[in-house]
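The values are calculated or read from the model by the stated rules, or taken from the named source; none is laboratory data. Every value quoted in this text rests on a predicted model; they were computed, and no experiment measured them. Here the Cβ positions follow ideal geometry from the backbone for every residue, glycine too, while neighbour counts run over all protein chains shown. Side chains are part of the model used for accessible areas, which takes the heavy atoms of the whole protein and leaves out ligands, DNA and RNA. Shrake-Rupley method; radii C 1.70, N 1.55, O 1.52, S 1.80 Å.
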Amino acid sequence: MPDATTGDTGARRRACLLWAVAGLAYAIDLGTKLAVVAKLEGRTTVSVLGDWLVLRVQRNPGAAFGMGEATTIVFTLVAAAVAVVVVRYSRRLASTQWAIALGLLLGGTLGNLTDRLFRAPGDLQGAVVDFIAVRDFSVMNLADWAITCGCAVAVVLSFRSSPTTAGAGAPAPRS
C-alpha cells in the first residue's frame, strides 16, 4: 500500500513501464537504422519475403508516404511536442495499457526525431532512414511501426473510455 511519502507505487510502476517500452522501441529503431545504413545503403535491395517485403534504404525528409518534404522542420517540432506531452503524462498514467501505448509512441517519436536532429542535411531538417519496403504500400522503419502500434492501442483504449491519467474520472454517462 502506498504511503504519503512515497506516492502511488502503481503510478510509478506504470511510468517505469512506459520508459522501458520507449527505451526498447528507441534502441531497436536506432540499432536497426545504424546497421542498415552501414550494411545496405547504396546497395541493391535485400529480399525478405520475395518481392512482397524487401529491405531498401531510403532517406525520407517528409512524413508518411513522402508527403510534406518541404516542411521537414514542422515534423521535427511536432515530434518534439509529442515527446514533451508523453513525458508530462508519464507520471499520472491510469493503466498499464496506456503505459504501453504511450511508451511505443514515445520510443518511435524519439527514433525519428533523432534522425531529424542528427542526420543530413541537419538544422532540424534531417531525413529519416526508412528501409522496410512493403510491396505496393510504403517504405518504413521500426519507429514508424512503434508509432502506428502505439496510436492503434490508444485509439482502442479511447473507444473503451479508458482514462489516460489517474484522477481523470469516469466516462460521462450516455444519454
(request) Check Gly42 against each of (1) over 27 Å from Arg12 (Cα atoms); (2) buried (at least 20 other Cβ atoms within 10 Å of the Cβ) and name the one condition it does not meet. (result) (2)
(request) Please find, within the stretch 126-135, the residue that is farthest from Leu40 (Cα to Cα) out of those that are part of a loop (DSSP other than H, G, I, E, B) and out of contact with any helix residue (DSSP H, G or I) (no Cβ under 6 Å at 6 or more places or on another chain). (result) Arg135
(message) Please pick out the residue among Asp115, Asp123, Asp51 that is part of a helix (DSSP H, G or I) and over 17 Å from Cys149 (Cβ atoms).
(response) Asp115
(request) Filter the stretch 4-48 down to residues that are more than 19 Å from Ser90 (Cβ to Cβ), free of Cβ contacts under 8 Å to residues at least 12 places away in the same chain and assigned to a helix (DSSP H, G or I), then give me how many there are. (result) 5
(request) Go through (1) modelled with pLDDT of 95 or more; (2) open to solvent by 20 Å² or more (accessible area, probe 1.4 Å) and name the single condition Val129 misses. (result) (2)
(request) Check the stretch 72-84 and report whether any residue there is open to solvent by 70 Å² or more (accessible area, probe 1.4 Å), modelled with pLDDT of 95 or more and within 22 Å of Ser162 (Cα to Cα). (result) yes
(request) Select from the stretch 85-101 the residues that are open to solvent by 20 Å² or more (accessible area, probe 1.4 Å) and part of a helix (DSSP H, G or I) and list them in ascending order. (result) Val85, Val87, Arg88, Tyr89, Arg91, Arg92, Thr96, Gln97, Ile100
(message) Looking only at the stretch 140-152, filter to residues that are buried (at least 19 other Cβ atoms within 10 Å of the Cβ) and not small (Gly, Ala, Ser); which one of those is nearest to Ile28 (Cα to Cα)?
(response) Leu142
